[in-house]
Amino acid sequence: MAPSLENLLVVGIASSALFDLSASDAVFHSEGEHAYRAYQEAHLDEPFAPGVAFPFIRRLLQLNSLGPLVEVIVLSRNSPDTGLRILRSAAHHGLTITRAIFTEGRAPHEFMPALNMSLFLSAHEDDVRKATLAGMPAGQVLKSSFKDDDDPALRIAFDFDGVLADDAAERVYQSGGLDQFQEHEATNVVTPLDPGPLRNFLAGINRIQRQAENRIRVSVVTARSAPAHERAINSLKAWGLTVNDAFFLGGLRKAPILDVLKPHIFFDDQRGHLIQTVPCVHIPFGVTNET
């Protein structure tokens, strides 16, 4: 009987997020598909260099040393033949990735529900936006100068509104300003917000933490401040979720905090909060991404 994905944290990763494809992409855009196919075949035994999401995926897969906890599946627009180099590169770098979907130009997010995925990462903005519009949890990995370290622990950071929670409170802020937002959140302090796109991903991380607490550290880094911080905490409690750290910055810049935390991945729905010194993922969800 084939193993089930139901009890695992399943993450989909595009080759554009996992590896540095700049040379291959340059051939495709300058010389076309035929030259791209020839280039990939000629370089089949040359592994791709690690990309922005590589440190995150590597640490995620290392959690399987404690038992079957995580499944990472490649979701790629490559054809099966041009995709051969991707799995060979994964094996070269010691990544235990055995499943892959190659769709030859077709947006691969349609297969996320069939594979029980709680996250899809890609460098291609259009694919991520299509997935998000279809109600699926997806993020665009942005370029980063992050240098990995030797600490085996996985560090994950989330924004709150528009990422873990929906954008209902953000809509109040956008339409009425800070004072109305604070009043609204104080009035609704005991009413949990509806979950956002990455709520289920955090739930999967929490399940793993119950077996490997010292291997993962989760932080929330949000522009909320008192008294609006209480509704965020109460929402997490109502969803049955926990985080290790919470930073309620009241509009202060997130970059200095992130530079200290050094997360292997940080999720935010607003590009203005994303920086190049840590691996950042834009979640194109909610009111801040409607224009």
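The values are calculated or read from the model by the stated rules, or taken from the named source; none is laboratory data. On a predicted model such as this, the values are computed, not experimentally measured, just so you know. Counting neighbours? That spans all protein chains shown, and the Cβs are built from the backbone with ideal geometry, glycine included. In case anyone asks, the SASA skips ligands and DNA or RNA and just uses the protein heavy atoms, side chains included. Shrake-Rupley method; radii C 1.70, N 1.55, O 1.52, S 1.80 Å.
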Just the number, please: carbon plus sulfur as a percent of the accessible area of segment 1-125, 1.4 Å probe, no ligands or DNA/RNA counted. 54
How many angstrom lie between the Cα centre of segment 55-93 and the Cα centre of segment 241-267? 27
With contacts defined as alpha carbon pairs under 8 Å and 6 or more residues apart, what's the relative contact order of segment 36-191 in percent? 18
Computed about the Cα centre, the charge dipole of the chain from +1 Lys/Arg and -1 Asp/Glu charges at the Cβ has a magnitude in debye, to the nearest 20, of 600
Amide H within-cut-off set for A49, under 5 Å, with H built and near neighbours excluded: D20
Cα gyration tensor shape for the chain, rounded if a/c is under 1.5, else prolate or oblate: prolate
Given unit charges at Cβ for Lys, Arg (+) and Asp, Glu (-), the dipole magnitude of segment 189-255 about its Cα centre in debye, nearest 20, is 160
As a test of the formula, what do you get for the chain when each DSSP H run with n ≥ 4 contributes -39,500 (n - 2.57) and the sum is divided by the residue count, at 222 nm and rounded to the nearest 500 deg cm²/dmol? -10000 deg cm²/dmol
Beta carbons within 10 angstrom, averaged per residue: use that to sort the peptides 244-254, 220-230, 60-70, highest first. 220-230, 60-70, 244-254
Assigned charges on the beta-carbon of Lys, Arg, Asp, Glu; segment 1-110 dipole about Cα centre (debye): 320
Please turn the phi angles of segment 73-88 into ³J(HN,Hα) values with the Karplus equation 6.51 cos²θ - 1.76 cosθ + 1.60 (θ = phi - 60°), one per residue in order, whole Hz, x for glycine and proline. 10, 6, 10, 10, 7, 5, 7, x, 6, 6, x, 4, 5, 5, 5, 5
Could you give the length gained on full extension between A35 and A91, defined as 0.36 nm per residue of separation minus the Cα-Cα distance, in nm? 17.6 nm
Each residue of segment 204-215 in order: what ³J(HN,Hα) in whole Hz does its phi give by Karplus 6.51 cos²θ - 1.76 cosθ + 1.60, θ = phi - 60°, with x for Gly and Pro? x, 5, 4, 4, 5, 4, 5, 9, 9, 4, 7, 9
Work out, step by step, the length gained on full extension between A26 and A203: first 0.36 nm times the residue separation, then minus their alpha carbon distance; give nm to one decimal. 59.9 nm
Which net charge results for the neighbourhood of G94, defined as the other residues with beta-carbon distances under 14 angstrom from its beta-carbon, given Lys and Arg at +1 and Asp and Glu at -1? +2
Run the accessible area of segment 175-287 with a 1.4 Å probe and give the carbon-and-sulfur part as a rounded percent. 51
hull vol. (C-alpha, convex hull) per residue for segment 61-130, Å³ -> 97
Let me have the relative contact order for segment 1-122, percent, based on Cα pairs under 8 Å that are six or more residues apart. 38
Over the chain, what is the relative contact order in percent, taking alpha-carbon pairs closer than 8 angstrom and at least six residues apart? 19
If you take the beta carbon distance between V190 and D149 as r and set R0 to 35 Å, what does 1/(1 + (r/R0)^6) give as a FRET efficiency, to the nearest 0.05? 0.30
Number of Lys pairs in the chain closer than 22 Å at Cα, excluding neighbours under 8 places apart unless interchain, is 6
Which residues' amide hydrogens lie under 5 Å from the amide hydrogen of T277, considering only partners 5 or more residues apart or on another chain, with H built in the peptide plane? S145
From phi via Karplus (6.51, -1.76, 1.60), per-residue ³J(HN,Hα) for segment 263-268 in Hz, x at Gly/Pro: x, 6, 6, 10, 10, 8
Rank T96, T132, V278 by how far each Cα sits towards the positive end of the charge dipole of the chain (+1 on Lys, Arg Cβ; -1 on Asp, Glu Cβ) and give me just the farthest. T96
Give, as a single signed number, the net charge of other residues whose beta carbon lies under 9 Å from the beta carbon of I216, with Lys and Arg counted +1 and Asp and Glu -1. +3
For the chain, longest principal axis from Cα atoms; helix 168-187 axis from its Cα atoms; angle between them, nearest 10 degrees, is 40
